[in-house]
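Participant: Would you mind keeping the following structure in view while I ask a few things?
The values are calculated or read from the model by the stated rules, or taken from the named source; none is laboratory data. A quick note: this is a predicted structure, and the numbers were derived from the prediction, not measured. So basically every Cβ, Gly included, is an ideal-geometry build from the backbone, and we count neighbours across all protein chains shown.
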Amino acid sequence: MKRSRWMLPAVILLTMGGVAWADDDDSLSLGVGLERSSGKYGGVSTTDTTSVPVFLRYASDDWSLKLSVPYLLVTGDGSVITGGGHGGGRRTTTSVTTTTRTTRSGLGDVVAFAGYRLLSSDAGDAGLDVAGRVKFGTANTALGSGENDYAVQASTYLELGDITPSLMLGYEVLGSSATAQLDNAVYGSAGLDCLLSNETNIGMDYWYAQQASATGYAQRELTLYAATQIGTDISLRAFVMKGLADGSPDSGYGVSLSAGF
């Protein structure tokens, strides 16, 4: 009997929730976001994407787990498909014979993430993290590649007073199909975070990813963000993004709200 594509993500979600409630010292948070982006991606027609991700995050000691399920609305001529890479999506240009703009909507690809603090200084002001990510091809082919993607990455940070620079480098194995022929890609980012108070921080992040298809483009993006804690258990985060290459949206913005338990 053929297994449902939702079976493994559902098992992970239930496992995370069950473990989180087993220890009061662990942290569990549930959040929702709204993200908008728009771009031509090297073509002549604009593709507008709205994503409403719902995410569950669990942390315990050196481990962190996250599961994200987005709802997508994509308006365009069908030459761009979304996936589960950076920001919840990797846009890949496809060949189409129509210029008619339509809106497609539905659940996007489920993304599961697991991170581990591999090294940490005695003071906790420097460290090295390793992580793995799986994008399950749960979205229909109008909204995604229909294939699973797998990624591994390492990131490091160093606190210099209220300023924390960081670097990340990763490698993604992208599932390929007859309609979405994708190549594996190296990606990375450089960030700078500034702590304004115990509750509020701002920062910037530069992202790069290799070209992942013969008809696609490399990704380069600059993101500015701000985050604050409301009360003891609620966090608010907002960002604006500017695309610097044809593989990225021309611009984007978003906001997310999460609550701890």
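Participant: Kindly establish whether Ser248 is closer than 27 Å to Gly31 by Cα, in a loop (DSSP other than H, G, I, E, B) and out of contact with any Cys (no Cβ under 8 Å at 6 or more places or on another chain).
Facilitator: Criteria met by Ser248.
Participant: Only one of (1) of a type in the set (Ser, Thr, Tyr); (2) farther than 17 Å from Ser64 by Cβ; (3) without any contact (Cβ under 8 Å) to a residue 60 or more places away in the chain; (4) assigned to a strand (DSSP E or B) is not met by Tyr187, so which one is it?
Facilitator: Just one mismatch for Tyr187, condition (3).
Participant: Name every residue in the range 149-175 that is exposed (fewer than 15 other Cβ atoms within 10 Å of the Cβ) and either touching a Leu at 6+ places or on another chain (Cβ under 9 Å) or not in a strand (DSSP E or B) (or both), in order of residue number.
Facilitator: Selection gives Tyr150, Gly161, Asp162, Ile163, Pro165.
Participant: Another question about this same structure. Does Ser248 satisfy the condition of being of a type outside the set (D, E, K, R), under 15 Å from the mean Cα position of the chain (by Cα) and modelled with pLDDT under 95? Spell out the reasoning first.
Facilitator: Working: of a type outside the set (D, E, K, R): yes; under 15 Å from the mean Cα position of the chain (by Cα): yes; modelled with pLDDT under 95: yes.
Answer is yes for this residue.
Participant: Can I ask one more? Since Ala178 meets every condition but one in (1) outside any loop (DSSP other than H, G, I, E, B); (2) of a type in the set (A, V, I, L, M, F, W, C); (3) over 17 Å from the mean Cα position of the chain (by Cα), which condition does it not meet?
Facilitator: Condition (1) is where Ala178 drops out.
Participant: Shifting gears a bit: Go through the range 50-66 residue by residue and tally those that are surrounded by 18 or more Cβ atoms within 10 Å (Cβ to Cβ) and either in contact with a Leu (Cβ under 6 Å, 6 or more places away or on another chain) or free of Cβ contacts under 8 Å to residues at least 40 places away in the same chain (or both).
Facilitator: Filtering the range 50-66 down to residues surrounded by 18 or more Cβ atoms within 10 Å (Cβ to Cβ) leaves 50-51, 53, 55-58, 65-66.
Narrowing the set further to residues that are either in contact with a Leu (Cβ under 6 Å, 6 or more places away or on another chain) or free of Cβ contacts under 8 Å to residues at least 40 places away in the same chain (or both) leaves 50-51, 56, 58.
Final tally of qualifying residues: 4.
Participant: Okay, next question. Select from the range 37-52 the residues that are closer than 23 Å to Leu224 by Cβ and either modelled with pLDDT of 95 or more or of a type in the set (S, T, N, Q) (or both) and list them in ascending order. Working first, answer last.
Facilitator: Initially, the range 37-52 is screened for residues closer than 23 Å to Leu224 by Cβ, giving 37-41, 46-52.
Ser37, Ser38, Thr46, Thr47, Thr49, Thr50, Ser51, Val52 - these are the residues of the range 37-52 that are closer than 23 Å to Leu224 by Cβ and either modelled with pLDDT of 95 or more or of a type in the set (S, T, N, Q) (or both).
Participant: For a quick check of your reading of the model, give me the residue pairs whose first member lies in the range 131-148 and is in a strand (DSSP E or B), whose second is among the β-branched types (Val, Ile, Thr), with beta-carbon atoms closer than 6 Å and at least 6 apart or on different chains.
Facilitator: Pairs found: Gly132/Val152; Lys135/Val111; Phe136/Val110.
Participant: Could you count how many residues in the range 220-239 are farther than 18 Å from Val52 by Cβ, free of Cβ contacts under 8 Å to residues at least 60 places away in the same chain and outside any loop (DSSP other than H, G, I, E, B)?
Facilitator: Residues flagged as farther than 18 Å from Val52 by Cβ, free of Cβ contacts under 8 Å to residues at least 60 places away in the same chain and outside any loop (DSSP other than H, G, I, E, B) within the range 220-239 amount to 11.
Participant: Can you pull out the residues in the range 191-232 that are among the small types (Gly, Ala, Ser), more than 19 Å from Ser256 (Cα to Cα) and surrounded by 14 or more Cβ atoms within 10 Å (Cβ to Cβ)? Spell out the reasoning first.
Facilitator: Of all residues in the range 191-232, those among the small types (Gly, Ala, Ser) come to 191, 197, 203, 209, 212-214, 216, 218, 226-227, 231.
The next check asks that each one be more than 19 Å from Ser256 (Cα to Cα); those that pass are 191, 197, 209, 212-214, 216, 218.
Once the filter is applied, which keeps residues that are among the small types (Gly, Ala, Ser), more than 19 Å from Ser256 (Cα to Cα) and surrounded by 14 or more Cβ atoms within 10 Å (Cβ to Cβ), the range 191-232 yields Gly191, Ala209, Ala212, Ser213, Gly216, Ala218.
Participant: Let me ask something additional. For the structure I just gave you, tell me whether Thr103 is under 18 Å from Thr50 (Cβ atoms) and assigned to a strand (DSSP E or B).
Facilitator: Values: under 18 Å from Thr50 (Cβ atoms): yes; assigned to a strand (DSSP E or B): yes.
The answer is yes for Thr103.
Participant: Kindly indicate whether Leu13 is at pLDDT below 55 and surrounded by fewer than 19 Cβ atoms within 10 Å (Cβ to Cβ).
Facilitator: Values: at pLDDT below 55: yes; surrounded by fewer than 19 Cβ atoms within 10 Å (Cβ to Cβ): yes.
Considered against the rule, which asks whether it is at pLDDT below 55 and surrounded by fewer than 19 Cβ atoms within 10 Å (Cβ to Cβ), Leu13 comes out as yes.
Participant: Would you be able to tell me the number of residues in the range 233-249 that are surrounded by 14 or more Cβ atoms within 10 Å (Cβ to Cβ), over 24 Å from Gly170 (Cβ atoms) and not small (Gly, Ala, Ser)? Give the steps one after another, and end with the answer.
Facilitator: Taking the range 233-249 as the starting set, the residues that turn out to be surrounded by 14 or more Cβ atoms within 10 Å (Cβ to Cβ) are 234-239, 241-249.
From the residues that got through so far, the ones that are over 24 Å from Gly170 (Cβ atoms) too are 234-236, 238.
Okay, now just the ones that are also not small (Gly, Ala, Ser), so 234, 236.
The total comes to 2.
Participant: I would also like to ask the following. How many residues are at pLDDT 95 or above and either over 22 Å from Ser45 (Cβ atoms) or among the small types (Gly, Ala, Ser) (or both) if we restrict to the range 210-228?
Facilitator: Qualifying residue count for the region: 7.
Participant: Among the residues of the range 240-261, which ones are within 16 Å of Thr50 (Cβ to Cβ) and touching an Asp or Glu at 6+ places or on another chain (Cβ under 6 Å)?
Facilitator: Within the range 240-261, Met241, Gly254 meet the criteria.
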